[in-house]
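The values are calculated or read from the model by the stated rules, or taken from the named source; none is laboratory data. This one's a predicted model, so the numbers in the text were calculated from it and none came from an experiment. Using ideal geometry, Cβ is built from the backbone for each residue, glycine included, and neighbour counts are taken over all protein chains shown. For accessibility, only protein heavy atoms count, side chains too; no ligands or nucleic acids. Shrake-Rupley method; radii C 1.70, N 1.55, O 1.52, S 1.80 Å.
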Amino acid sequence: MLDPKAYRDAMSEIASPVHIIATDGPAGLAGMTVTALASVTDQPATLLVCVNRQSPSAPRFLKNKAFSVNSLGAADQKLADIFAGRTDEHFAEKFTHGLWRKGATGAPLLEGALANFDCRLIEAKDVGTHHILIGEVVAVARRDEGAGLLYHRRAYRRSDDEL
Ligand SMILES: Cc1cc2nc3c(=O)[nH]c(=O)nc-3n(C[C@H](O)[C@H](O)[C@H](O)COP(=O)(O)O)c2cc1C
């Protein structure tokens, strides 16, 4: 088996857009910063996101059966840190930062994100340490201007940065 650190080091070479995924419903509010996201297909519009099973927020995403993806702009680095647990705020406390409105699925949508994807959870698969959450996108919104926030070589960057 490949050394996990060698794998993570190689992955750190890939510049990835930073998103906050968020959920609300019977299991309560939760949100977390992620980069492990991919589009699956546009018919029906479907995406996937990988969530660590150890993450305290993970069960809320599974039980609420809905989530949003909010792609961050370059100015949202502080928000990314808050939703990555780097400021010790949890669950509903995280949502006192940023402007949030409720989407059609009940999931919170971040105002001013580069793009919002409101998703119904249609499938969850476990692979190793992570849940793969597969969402059907029921609504989108987009900003259409400004640089995005990337994570590259373990640091935040702007999508219009020179390296
Ligand atoms: C740039 C960045 C990207 C991250 N990407 C992921 C990811 O794709 N999946 C994941 O499970 N955690 C990811 N994390 C870690 C979670 O944001 C962190 O564990 C968070 O505290 C989880 O929220 P919780 O403590 O409320 O469960 C990432 C963190 C950062 C800073």
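Data overview
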item	result
Subset of the range 38-58 (residues that are open to solvent by less than 20 Å² (accessible area, probe 1.4 Å), within 11 Å of the ligand (Cβ to nearest atom) and in a strand (DSSP E or B))	Val49, Val51
Selected residue [of a type in the set (A, V, I, L, M, F, W, C) and under 26 Å from Ser12 (Cα atoms)] from Leu121, Leu149	Leu149
Residues within the range 1-37 that are assigned to a loop (DSSP other than H, G, I, E, B) and over 21 Å from Ile82 (Cβ atoms), tallied	9
Every pair of residues 6+ apart whose Cβ atoms lie under 7 Å, when the first sits in the range 78-96 and is free of Cβ contacts under 8 Å to residues at least 40 places away in the same chain and among the polar types (S, T, N, Q) while the second is near the ligand (Cβ under 10 Å from one of its atoms) and open to solvent by less than 60 Å² (accessible area, probe 1.4 Å)	Thr87/Asp81
Counted residues, the range 15-37 - those being within 23 Å of Lys102 (Cβ to Cβ) and within 8 Å of the ligand (Cβ to nearest atom)	7
